[in-house]
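See below for the structure under consideration.
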Amino acid sequence: MLEKLHDAFRLRTSPTVFFGSIGLTVLFVAVTLMFGDGVGLAFGHASTWIKTNLGWFYILGVSVFLIFLIFVAMTRFGRVRLSPKDEAPEHSFLAWFAMLFAAGIGTILMFWGVAEPISHMANPPMQDVQPGSPEAAREAMGFTLYHFGLHTWTIFALPSLAFAYFIHKRNLPPRVSSLFYPLLKDRIHGPIGKAIDIGSIVGTIFGVAVSIGLGTLQINSGMNQLFGISESALSQVLIIAVVTLVAFISVSRGLDKGVKLLSNANIVAAVSLLVFVVVFGPTLTLLKGTVESVGIYMDTLPGLMFWNDTFGNTGWQDGWTVFYWAWTITWSPFVGIFIAKISRGRSIREFVFGVLAAPVTFSVIWFGIFGMASFQIEWTNGGLVKAVVEDENIPGSLFAFLSHYPAATFMSGFAILLVATFFVTSMDSAALVLDAMGRGYDDDAYLTPLHQRAIWVLSVGAIAAVVLTATGEQGLSALQNVITVVGLPFFVLGYVMIWAIMRALREDAGELLPLETKRWRQVLAPEEASRRREAGDDDAYDTPEVEHDPTYTTGEGRIVSAPELHSYHRTELERAEKVEDEVGVDLTEMPETSGSDSDSDDGVGAVGKGN
């Protein structure tokens with residue numbers, strides 16, 4: 001039946017995965033429209049339980065993921081290139097960074113650039129300093145950079161690495177089920193694999209929809225301040241409809257002509273806004289403060305990455321850190337496949353440090369500039385805390401901030417346009433990735449029908465509109481509750497990714513043998529050795545000597561000392577003494593090589609490759 005429906009709509013995808021995902025999305029929209037208050041209440045209760053009982057799991061998980069990424073990049077596996085035949089990267093570093101930035105946290109920076117630092121300064125998370133004081137500002141910067149620095153990009157980098165490896169090295173379909181191949185093998189194409197893909201697609205739709213919802217709230221707030229347009233459900237639905245239409249136009253043009261073009265425009269516009277704030281603000285203070293923010297981040301990160309508010313138990317972390325991690329990880333399949341697609345050809349080490357270092361550096365600069373500028377406005381003129389925190393107008397924080405700068409109306413309009421293009425980029429990138437996950441391949445030579453890609457754009461827009469307007473709650477609160485619940489299974493998936501990556505790397509690159517070293521005979525004190533020899537013990541020695549020298553030879557007769565690389569057929573490595581006896585070759589006349597030669601083409605590495 002699904003096959004007939006698939007053919008009737010002239011689709012080119014996996015019928016079960018496509019209709020299963022769309023069906024669950026439509027079901028959620030229908031149920032929410034009919035029972036909006038009940039759905040909102042149910043997600044609220046589930047979210048409260050998760051944050052109360054499992055918040056620590058979210059906090060621990062992201063820090064563990066970060067430690068793993070650094071570990072795998074620094075091991076010998078860091079040299080593995082994420083391409084089938086060691087091809088060079090497809091995109092320049094600048095283009096790569098622009099697409100990373102736009103698809104990752106462009107909308108986040110715009111929404112929280114002012115809101116988070118000023119909120120934490122007014123209400124210090126640890127409640128251990130005077131609100132509004134320089135100490136509170138320092139604590140605010142520490143938490144802000146913790147939320148949007150290495151940990152946010154860790155959540156993106158882990159699935160990105162997993163997808164890049166299994167898509168480019170193992171040549172598996174661009175689906176979440178492919179990550180389970182070391183465990184499921186060919187069953188990734190069966191019912192279990194399809195269930196995994198359906199769940200991941202639906203979760204990704206929710207994650208992207210939350211970002212679209214936040215962007216919508218921000219655009220609506222800005223338009224209210226500029227043009228007096230009401231902050232209502234109708235306004236928000238119309239904004240989502242317009243952005244969805246633009247995203248559809250972009251996705252119809254593909255990655256290079258649509259997404260890449262918008263990404264490059266976004267990064268230029270964002271940098272322009274940043275430069276404007278520096279030039280027309282307290283320039284010297286902002287530059288000094290940004291540099292100091294780096295030190296604040298490095299100083300506070302070790303403690304914050306495992307902080308769970310155990311002793312204070314204020315509940316603050318539930319609405320901030322736990323929400324951020326749950327929200328960000330629901331993006332992980334979308335951002336992971338997208339980053340994997342644009343990162344083909346980079347080594348694991350280059351990939352990990354590139355994905356972590358480049359965007360994080362920009363985030364530190366961004367929040368350093370906007371955070372320090374926000375503090376200076378509050379300390380000099382006042383009013384920003386009232387507008388953002390006391391009036392609970394987080395979506396309007398950027399526009400309240402820009403009102404203290406020259407050409408405020410023009411710059412607010414520019415900011416609205418920038419926010420809109422950022423989440424257009426997020427929506428069209430998500431549509432391309434969701435389509436690839438549904439059809440199970442990513443090949444420009446076999447393009448899917450345009451209306452098929454349009455369905456994914458519409459799905460994201462529909463979820464965003466429904467969650468914002470039909471749950472019977474304040475928009476931001478509804479988004480937080482939904483995403484906290486949806487994010488839980490994705491955290492469990494993160495640990496599966498770690499296991500799958502290491503399992504695949506060991507299978508493909510070979511296990512390391514225990515490092516065999518020379519064995520020395522036992523040495524006794526001269527007096528004791530003499531006594532034992534007099535007593536007839538011929539094995540009593542007072543001088544050191546090697547009893548066993550772990551020297552091997554390859555099939556070609558080349559000596560290799562203490563080989564480390566695993567050979568799939570261990571019998572091909574034979575003791576040098578045994579070969580000498582069998583073939584009559586005096587190996588002592590052959591030059592020895594160091595252990596590092598085991599990686600050469602004619603050493604142990606060559607034996608492994610031949611098998």
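The values are calculated or read from the model by the stated rules, or taken from the named source; none is laboratory data. These numbers were taken from a predicted model, which means no experiment stands behind them. Cβ sites come from the backbone with ideal geometry, for glycine too, and all protein chains shown count toward neighbours. Note: areas computed on protein heavy atoms with side chains; ligands, DNA, RNA excluded. Shrake-Rupley method; radii C 1.70, N 1.55, O 1.52, S 1.80 Å.
To the nearest 10 degrees, how steeply does helix 191-227 sit against the main Cα axis of the chain, on a 0 to 90 scale?
The helix 191-227 is inclined about 40 degrees to the chain.
About the Cα centre of region 243-393, how large is the charge dipole given +1 on each Lys and Arg Cβ and -1 on each Asp and Glu Cβ? Please answer in debye to the nearest 20.
The dipole magnitude comes to about 960 debye.
Pick out, in residue order, every one of the GluC sites (Glu not before Pro) in region 377-455 that is DSSP loop and has at most 14 other C-beta atoms within 10 Å; say none if there are none.
Values: sites: Glu378, Glu390, Glu392; in loops: Glu392.
Counting only loop positions with at most 14 other Cβ atoms within 10 Å, the GluC sites (Glu not before Pro) in region 377-455 are Glu392.
How big is D, in µm² s⁻¹, for region 313-396 by Stokes-Einstein at 4 °C and 1.567 mPa s if Rh is the Kirkwood radius over C-alpha pairs?
80
Across 5 Å bins from 0, what is the distribution of all Cα-Cα pair distances for region 209-249, in whole percents?
6, 27, 31, 24, 10, 3
State, to one decimal in nm, how far the label point of Phe9 lies from the label point of Thr448, with both points 7 Å from Cα in the Cβ direction.
Placing both labels 7 Å beyond Cα along the Cβ direction yields 1.0 nm.
Mind checking the full-extension length gain between Thr361 and Leu284? Use 0.36 nm per residue of separation minus the Cα-Cα distance, one decimal, nm.
Working: separation 77, 0.36 × 77 = 27.72 nm, distance 1.96 nm.
Gain in length upon complete extension: 25.8 nm.
Would you mind giving the average projected area, over all directions, of the Cα convex hull of region 1-156 in nm² with one decimal? Provide the component values of the computation, followed by the final result.
On the way: hull surface 65.0 nm².
In nm², the orientation-averaged hull projection of region 1-156 is 16.2.
So how tilted is helix 450-470 from the main axis of the chain? Cα-based, degrees 0 to 90, rounded to 10.
Tilt of helix 450-470: around 60 degrees.
Compute the whole-percent fraction of alpha carbon pairs in region 1-63 spaced more than 16 Å apart.
65
For Ser293, what is the net charge nearby, where nearby means another residue's Cβ is under 11 Å from its Cβ and Lys, Arg count +1, Asp, Glu -1?
Net of charged neighbours comes to 0.
Report the normalised scattering of region 231-360 as log10 I(q)/I(0) at q = 0.14, 0.15, 0.21, 0.22 Å⁻¹, calculated by the Debye formula with identical scatterers on the alpha carbons.
These q points yield log10 I(q)/I(0) values of -1.18, -1.30, -1.29, -1.29.
Quick one: putting +1 on the C-beta of Lys and Arg, -1 on the C-beta of Asp and Glu, what dipole do you get for region 94-197 around its Cα centre, in Debye to the nearest 20?
With Lys and Arg at +1 and Asp and Glu at -1, about 760 debye.
Checking the table Lys85/Lys185; Lys51/Lys341; Lys51/Lys386; Lys4/Lys169; Lys185/Lys341; Lys85/Lys341 against a 25 Å threshold on Cα-Cα, which pairs fail?
Going by Cα-Cα distance, Lys51/Lys341; Lys51/Lys386; Lys4/Lys169 fall outside the 25 Å limit.
Using just the helices of the chain, give the 222 nm mean residue ellipticity in deg cm²/dmol: DSSP H runs with n ≥ 4 each add -39,500 (n - 2.57), and the total is spread over all residues, rounded to 500.
-22000 deg cm²/dmol
With the crude spin-label approximation of a point 7 Å out along Cα→Cβ, what separation in nm comes out for Trp49 versus Ala509?
It is 4.2 nm.
Quick one: 3J(HN,Hα) in Hz for region 4-9, Karplus 6.51/-1.76/1.60 with θ = phi - 60°, rounded, Gly and Pro as x.
5, 5, 4, 5, 5, 8
What number comes out for accessible area per residue over region 226-309 if the probe is 1.4 Å? Units Å², please.
Here the per-residue accessible area is 52 Å².
For the chain, what's the relative contact order in percent, using C-alpha pairs closer than 8 Å and at least 6 residues apart?
26
If exposed trypsin sites (Lys or Arg not before Pro) are those in a DSSP loop with at most 10 other Cβ within 10 Å, what is the longest stretch of the chain that has none?
The answer is 86-611.
Evaluate the distance, in nm, between pseudo-label points positioned 7 Å from the Cα of Glu292 and of Ile70 along their respective Cα→Cβ axes.
Modelled inter-label distance: 2.6 nm.
Where a ≥ b ≥ c are the square roots of the eigenvalues of the C-alpha gyration tensor, would you call region 260-333 rounded, which needs a/c under 1.5, or, failing that, prolate if a/b is larger than b/c, or oblate?
Working: a/c = 2.78, a/b = 1.38, b/c = 2.01.
Because a/c hits 1.5 or more and a/b fails to exceed b/c, region 260-333 counts as oblate.
Roughly how many Å is it from the Cα centre of region 7-34 to that of region 261-275, as a whole number?
35
Give me the dipole magnitude in Debye, nearest 20, for the chain about the Cα centre, with unit charges on the beta carbon: positive for Lys and Arg, negative for Asp and Glu.
About 2720 debye.
To the nearest 10 degrees, how steeply does helix 150-164 sit against the main Cα axis of the chain, on a 0 to 90 scale?
60
Give the average over all directions of the projected area of the C-alpha convex hull of the chain, one decimal, in nm².
Quarter of the Cα hull surface area: 37.1 nm².
Given the convex hull over the Cα atoms of region 347-455, what projected area results after averaging over all orientations, in nm²? Spell out each step's value before the answer.
Working: hull surface 43.4 nm².
The orientation-averaged projected area of the Cα hull of region 347-455 comes to 10.9 nm².
Once you have the Kirkwood Rh of region 493-545 from its Cα pairs, apply Stokes-Einstein at 4 °C and 1.567 mPa s and quote D in µm²/s.
It diffuses with D of about 85 µm²/s by this estimate.
Placing +1 on the Cβ of each Lys and Arg and -1 on the Cβ of each Asp and Glu in region 341-405, which of Trp366, Phe351, Leu398 has its Cα farthest towards the positive end of the resulting dipole?
Phe351
What is region 300-345 by shape, rounded, prolate or oblate, if you read a ≥ b ≥ c off the alpha carbon gyration tensor as root eigenvalues and call it rounded for a/c under 1.5, prolate for a/b larger than b/c, and oblate otherwise? Before the final figure, lay out each step's value.
Working: a/c = 5.91, a/b = 2.35, b/c = 2.51.
Cα axes put region 300-345 in the oblate bin.
Given region 402-470, report the % of alpha carbon pairs whose separation exceeds 17 Å.
Counting pairs separated by more than 17 Å, the tail of P(r) holds 58 percent.
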